[in-house]
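Read through the structure below, which is laid out as structure tokens, and then see the notes.
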Amino acid sequence: MTILKGVWYNKTMNYKSFLDKPFRLMSIVGFVYLVIMLLLNLLTDFSYELSIMPYSRIVSYSAEGLALLFCILTFCFYNKHFFYYIALEILVFSNLYTGRIYTALFITSIMFILMLLENRLVSKRKLSLYIALEILKILLVVPYGVKTFFEYVGIVLFSLCTIGCINLIFRHAYDKKGSGTINLDDYKFTDRQKDCIKETVVNNTTIKALAITHNVSESAIKKDLAHIYNVLGITGKADLKALFIGYQF
């Protein structure tokens, strides 16, 4: 009986550990989606039936194959979120090239939500890169006519503004809910552990980067995080971020 409980506990912990890696879960969903799309392409002209551009079939297969590869890389290196962003960008450009405008808009919206949640657009360099990519996407719509062009631009602006405002509303609500719900000073954390919490929540800093910053081994940072999770009664990084939403460091 004790052995069965131990096995069940280990499975539960592994399950929770897996859920603590959202980009790994998203990579699995992306992988399944791309396999379905590839099968549809093999059996029909699904991805390029609307295209007026040359080499649409090649572009479609190549883009889905590359996105599939980046989904696998995301699964293997789930802390390297840029792999998933690259996969999404490839799919957006491919769908725009092959005339699937609304699919491209949907994926663009997903990507913008992720970027806002991870504060990816806070630096001028990243924001400039994002704007440059959006301009390239708009240029890809030009061959499909004036009506499609203005429709795409209108929906993009509407979607981005709406998503941005929703994000501001939630951030404002969490700020109001506020920092009074939890106080780091109530816990006997070391300065390094407090910095680990701040960097993980605010900047999504990796264990490797934290180790370099504090000039310690990665195992030391892992021990710090394990101690933090234990003290706060949580299971991982996702819970840590949720717990400190709106916290003023």
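The values are calculated or read from the model by the stated rules, or taken from the named source; none is laboratory data. None of these values were measured; they are calculated from a predicted model. We place every Cβ from the backbone using ideal geometry, glycine too, and count neighbours over all the protein chains shown. Ligands, DNA and RNA are stripped out before the accessible areas are found, and what is left, the full protein with its side chains, is counted by its heavy atoms. Shrake-Rupley method; radii C 1.70, N 1.55, O 1.52, S 1.80 Å.
Quick look at the numbers
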| quantity | calculated |
| --- | --- |
| The listed residue being part of a helix (DSSP H, G or I), open to solvent by 70 Å² or more (accessible area, probe 1.4 Å) and farther than 20 Å from Arg24 by Cα, out of Ile58, Ile52 | Ile58 |
| Within segment 214-235, tally of residues that are part of a loop (DSSP other than H, G, I, E, B), more than 14 Å from Asp191 (Cβ to Cβ) and free of Cβ contacts under 8 Å to residues at least 24 places away in the same chain | 3 |
| Residue check, Asn204 over 23 Å from the mean Cα position of the chain (by Cα) and either farther than 21 Å from Tyr78 by Cα or open to solvent by less than 40 Å² (accessible area, probe 1.4 Å) (or both) | no |
| Check on Lys223, among the charged types (D, E, K, R) and surrounded by 14 or more Cβ atoms within 10 Å (Cβ to Cβ) | no |
| Lys241 being surrounded by 13 or more Cβ atoms within 10 Å (Cβ to Cβ), at pLDDT below 90 and either over 21 Å from the mean Cα position of the chain (by Cα) or closer than 21 Å to Phe77 by Cα (or both) | yes |
| Qualifying residue in segment 108-130 (condition: among the basic types (Lys, Arg) and either modelled with pLDDT of 90 or more or closer than 26 Å to Tyr61 by Cβ (or both)) | no |
| Filter pass, Arg192 being open to solvent by 60 Å² or more (accessible area, probe 1.4 Å), at pLDDT 90 or above and either at positive phi or among the charged types (D, E, K, R) (or both) | yes |
